[in-house]
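First comes the structure, then the notes that go with it.
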Amino acid sequence: MKKIKVALIAGKMVGGGVESLLMSISEYIDKDKFEVDLLVDNDSKLVPEEELKRYGINLIFIPPYQNIFSYLYKLRILFLRNNYDIVHSNISTLNVFPLSIAYFCRVPVRISHNHNLLSPNAGKLKNALKWFLSYFSNMFPNYCIAPTHETGKWVFKNKDFDIIKNGITPKKFIFDKTKRLELRKSIGVEENTILLGSFGRMVHSKNLIVTIKVLEQLLGSSNRYKLLLVGSGNDEIRLKKYVQGKNVLKNKVIFVPSQKDVSSYYSALDFYLFPSAAEAFGIAAIEAQTNGLITLVSRGVPDEAEVSDKLFKKFKNYDTRVWSNFILSTDKLSVQTRKNLSMKLKDVVFNSKNMVNEIEELYINAYKEQVE
């Protein structure tokens, strides 16, 4: 039987949630049925090349989409040369560019996968551009996917779309006492310290300044708290400058650059903070809860990110006093409680294998409709 040839458009790999989804597809997709090329911008900072090679995925570097003419030209060459059956694009409203080339190169199945929302913190210009592109986004795909109804509705308008929830690999996020002790030792955090954390891109829309200000409030009541921020981005300098300008915060905020795999870092924490202005799905909140972590989220994180009502706490605003008072009034969970919750939740959370099964089903049905 002929393998179905798939081009996955990744955009930039910088250690975010979209990359997690693409790595899950790369790992679990049936290699007897599908031949997959992953197209990645060549200015990506975190490309797990060895892992992709181990999964049997063909990695292709292309010019970044900011160099739009080189980008489109390279895509045209690849689409004509490789005769893909499916182009599955994962750069949200920017999908219009690779899918337009796929359309004119007569790729039969063109999938637009939207992973984001308009964010109040993204700036008027960026949101205006997203909104403008959304009106062209439906011209070229013949199949559309989103992780939630809200994420799909704003970009696909009245066009039909499939909802495929983002999954995780639960075993990666099970609480591990040994990893907790090792990581806390490596970053200089004692066991009696209450460690807050937030992981992901350091960009304005993630609202990481809120996590720092929550810590600032807590330190007014107790010296036991520290904050771990794992990630990189254009907001990093501003965050570090804020910390350096406050005596109470010095030696209390630990910055760790973006990591290819942050799964083990969850075990080091006692509370996970996720104050993002707008999340399409909020995969980090799901990962944190699977680790047995009390997870504080903003109104920008969808309700679909709730795994456990015991661990998931959603706030209506960004009042750092409210967030800090909740932490002060909430005991951190014991190691044994964390372990028990984590083992229980690993069987509840939507896992990556099921997600990839749904994507495979879409691929096969779309191929039959358009090719056979």
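The values are calculated or read from the model by the stated rules, or taken from the named source; none is laboratory data. Because the structure is a prediction, the values reported are computed rather than measured. Because the Cβ atoms are built from the backbone with ideal geometry, glycine has one as well, and the counts that use them run over all protein chains shown. For the accessible areas, the whole protein counts, side chains as well, though only heavy atoms, and no ligand, DNA or RNA atoms are used. Shrake-Rupley method; radii C 1.70, N 1.55, O 1.52, S 1.80 Å.
Identify, please: which residue in the stretch 32-49 is assigned to a loop (DSSP other than H, G, I, E, B), touching a helix residue (DSSP H, G or I) at 6+ places or on another chain (Cβ under 8 Å) and not aliphatic (A, V, I, L, M) and is, among those, farthest from Ala284 (Cα to Cα)?
It comes out as Lys33.
Whether any residue in the stretch 157-170 is without any contact (Cβ under 8 Å) to a residue 12 or more places away in the chain and either open to solvent by 70 Å² or more (accessible area, probe 1.4 Å) or charged (D, E, K, R) (or both) is what I want to check. Write out each step before concluding.
Looking only at the stretch 157-170, we keep the residues that are without any contact (Cβ under 8 Å) to a residue 12 or more places away in the chain, and these are 158.
When the remaining residues are screened for being either open to solvent by 70 Å² or more (accessible area, probe 1.4 Å) or charged (D, E, K, R) (or both), the result is 158.
Yes: one or more hits.
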Check: In the stretch 240-263, what residues are at pLDDT 95 or above, in contact with a helix residue (DSSP H, G or I) (Cβ under 7 Å, 6 or more places away or on another chain) and open to solvent by less than 30 Å² (accessible area, probe 1.4 Å)?
Finding: Val243, Leu249, Lys252, Val253
Next item on the list: List the number of the failed condition for Thr330; all other conditions in (1) surrounded by fewer than 21 Cβ atoms within 10 Å (Cβ to Cβ); (2) part of a helix (DSSP H, G or I) hold.
Entry: (2)
Next item on the list: Kindly indicate whether any position in the stretch 81-103 is among the aromatic types (Phe, Trp, Tyr), open to solvent by less than 40 Å² (accessible area, probe 1.4 Å), in contact with a Cys (Cβ under 8 Å, 6 or more places away or on another chain) and at pLDDT 95 or above.
Entry: no
Next item on the list: Pick out, from the stretch 174-253, the helices (runs of 4 or more DSSP H) lying fully within it that include 1 or more residues that are closer than 30 Å to Lys344 by Cα and either charged (D, E, K, R) or more than 18 Å from the chain's Cα centre (by Cα) (or both).
Entry: 177-186, 208-219
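Residues being open to solvent by 20 Å² or more (accessible area, probe 1.4 Å), in contact with a strand residue (DSSP E or B) (Cβ under 9 Å, 6 or more places away or on another chain) and within 16 Å of Gly11 (Cα to Cα): count how many of those fall in the stretch 48-75. If you could, list the steps in order and put the result at the bottom.
Here is the first cut: in the stretch 48-75, the residues open to solvent by 20 Å² or more (accessible area, probe 1.4 Å) are 49-51, 53-56, 58-61, 63, 65-70, 72-74.
Filter once more, so that each one left must be in contact with a strand residue (DSSP E or B) (Cβ under 9 Å, 6 or more places away or on another chain): 49, 53, 55-56, 58-61, 63, 65-66, 70, 74.
Those still in the list that are within 16 Å of Gly11 (Cα to Cα) too: 49, 58-61, 63, 65-66, 70, 74.
The qualifying residues number 10.
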Next item on the list: Return a yes/no flag: does the stretch 4-13 have any residue that is open to solvent by 40 Å² or more (accessible area, probe 1.4 Å) and at pLDDT 95 or above.
Entry: yes
Margin query: Conditions first: (1) hydroxyl-bearing (Ser, Thr, Tyr); (2) in a helix (DSSP H, G or I); (3) open to solvent by 50 Å² or more (accessible area, probe 1.4 Å). Tyr318 passes all but one, so which condition is the exception?
Written below: (2)
Check: Based on what the data block shows, is Lys314 over 27 Å from Ala146 (Cα atoms) and either charged (D, E, K, R) or within 22 Å of the chain's Cα centre (by Cα) (or both)?
Finding: no
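Go through the stretch 76-123 and give me each residue that's basic (Lys, Arg) and touching a strand residue (DSSP E or B) at 6+ places or on another chain (Cβ under 6 Å).
Arg110
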Next item on the list: Find all pairs meeting these conditions: Cβ atoms under 8 angstrom apart; at least six residues apart or on different chains; first residue within the stretch 294-319 and over 18 Å from Phe350 (Cα atoms); second residue surrounded by fewer than 19 Cβ atoms within 10 Å (Cβ to Cβ) and of a type in the set (Gly, Ala, Ser).
Entry: none
Next item on the list: Output the residues belonging to the stretch 254-263 that are over 18 Å from Lys45 (Cα atoms) and outside any strand (DSSP E or B).
Entry: Ser263
Notebook entry, point to check: How about the stretch 3-28: which of its residues are in contact with a Ser or Thr (Cβ under 7 Å, 6 or more places away or on another chain) and in a strand (DSSP E or B)?
Noted result: Ile9
Notebook entry, point to check: Among the residues of the stretch 120-141, which ones are in a loop (DSSP other than H, G, I, E, B), buried (at least 16 other Cβ atoms within 10 Å of the Cβ) and touching a residue at least 40 places away in the same chain (Cβ under 8 Å)?
Noted result: Asn121, Ala122, Ser137, Phe140, Pro141
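Rundown of residues vs (1) under 30 Å from Lys126 (Cβ atoms); (2) free of Cβ contacts under 8 Å to residues at least 40 places away in the same chain; (3) open to solvent by 50 Å² or more (accessible area, probe 1.4 Å), yes/no style:
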position: Lys179; (1), (2), (3): no, no, yes
position: Leu183; (1), (2), (3): no, no, no
position: Ile212; (1), (2), (3): yes, no, no
position: Glu216; (1), (2), (3): yes, no, no
position: Gly220; (1), (2), (3): no, yes, yes
position: Arg224; (1), (2), (3): no, yes, yes
position: Ser232; (1), (2), (3): yes, no, no
position: Arg238; (1), (2), (3): yes, yes, yes
